[in-house]
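Engineer: Encoded as structure tokens, here's the structure I'll be asking about.
Every number here is computed from the coordinates shown, using simple stated rules; none is lab data. Not measured: the values here are computed from a predicted model. As a convention, Cβ positions derive from the backbone with ideal geometry for all residues, glycine included, and neighbour counts pool all protein chains shown.
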Amino acid sequence: MVLPLPKPAALVFDWDNTLVDSWDCIRLSYNMTFRHFGMPDWSLDETKSRVAASMRDSFPAMFGDRWPEARDVFTASFQSIHMDHLNPLPGADEMLKMLGDLGLVLAVVSNKRGHFLRKEAEIMGWSRHFAGLVGADDASADKPDAAPVHLALGGTGISPGPAVWFVGDSPIDIQCAVNSGCTPILLRPTPPEEGEFPHSPARTLPGCIELAALVREQWVPISAN
């Protein structure tokens, strides 16, 4: 049985691979870092399966006491290439415009470093859509903690809760939605794998076009006639 969704007052989006296609950029940046440490490269599939947490949460386990050095190498590597790999996912631009026209509050919570996130949004002309753009290290803790969601919605008059849809492509996004009391929406072409999600998404949608249609349905219900 599919439970009805609460009508959204706000949508909080993940950034990478929810609104922009960035897996190859992430893979290249990790591999540049690994080579600095004499470690083997990751394939694209390995990158997708292993990358989710922020650097401050994941790098200490990966690089031990040298994790600050790894953070600096990754940051420099990413900075050197990320603007060449900035591609909106299909329908993302149109979806954001439509949601804004409906008067919905929009925000982003990402585990990408905050200054990179905001630079990318500015270059794409998307900053105007978002009340808050919160990245790694901006809040007291990173996703899946609820702290960045509260920060992203600060000053909007909307508190995290079921009327806030949290939209992302990975288990850490769904966990963040649960931790902050928001409605979890999974947005990606591939369906959940068995056992992938400790908490089931309220809806699973293949892309931005389908999400836009679902939100519009909540706001402008199809007539029974």
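Engineer: Treat every Asp and Glu Cβ in the stretch 23-85 as -1 and every Lys and Arg Cβ as +1, leave all other atoms uncharged, and give the resulting dipole magnitude about the Cα centre to the nearest 20 debye.
Structural biologist: 80
Engineer: Given (1) 65, 38, 31; (2) 48, 39, 33; (3) 51, 41, 30 as candidate values of Cα extents along the principal axes in Å, which corresponds to the one derived from the coordinates?
Structural biologist: Checking each listed value against the structure points to (1).
Engineer: Okay, next question. I want to check the label-to-label distance for Trp219 and Lys7. Put each point 7 Å from Cα in the C-beta direction and report it in nm to one decimal.
Structural biologist: That separation, rounded to one decimal, is 1.2 nm.
Engineer: When Lys119, Lys97, Lys112, Lys143 are ordered from fewest to most other Cβ atoms inside 10 Å of their Cβ, what list results?
Structural biologist: Ascending Cβ contact count within 10 Å gives the list Lys97, Lys119, Lys112, Lys143.
Engineer: Next up: Do you know the relative contact order of the chain, to the nearest whole percent, from alpha carbon pairs under 8 angstrom that are 6+ apart?
Structural biologist: 24
Engineer: Could you line up Glu193, Glu217 from fewest to most neighbouring Cβ atoms inside 10 Å?
Structural biologist: Glu193, Glu217
Engineer: Give the percent of DSSP beta bridges with both residues in the chain that are antiparallel, rounded to the nearest 5.
Structural biologist: Around 10 percent antiparallel, to the nearest 5.
Engineer: Next question, about the same structure. What order do you get for Met55, Met95 when you list them from fewest to most C-beta neighbours inside 10 Å?
Structural biologist: Fewest to most other Cβ atoms nearby, the residues stand as Met55, Met95.
Engineer: Please compute the modelled spin-label separation between Glu210 and Ser127, points set 7 Å along Cα→Cβ, answer in nm with one decimal.
Structural biologist: Output for this residue pair reads 3.3 nm.
Engineer: Report the chymotrypsin sites (Phe, Trp or Tyr not before Pro) located in the stretch 1-80 that are in a DSSP loop and have at most 11 other Cβ atoms inside 10 Å of their Cβ, or state none.
Structural biologist: Qualifying residues, ordered by number: none.
Engineer: Once the piece of chain linking Met62 and Trp23 is laid out straight, how much longer is it, given 0.36 nm per residue of separation minus the C-alpha distance between them?
Structural biologist: Result for the pair: 12.1 nm of gain on full extension.
Engineer: Based solely on its DSSP helices, what 222 nm [θ] is calculated for the chain when runs of n ≥ 4 H residues each add -39,500 (n - 2.57) and the sum is averaged over all residues, nearest 500 deg cm²/dmol?
Structural biologist: Mean residue ellipticity, 222 nm, calculated: -12500 deg cm²/dmol.
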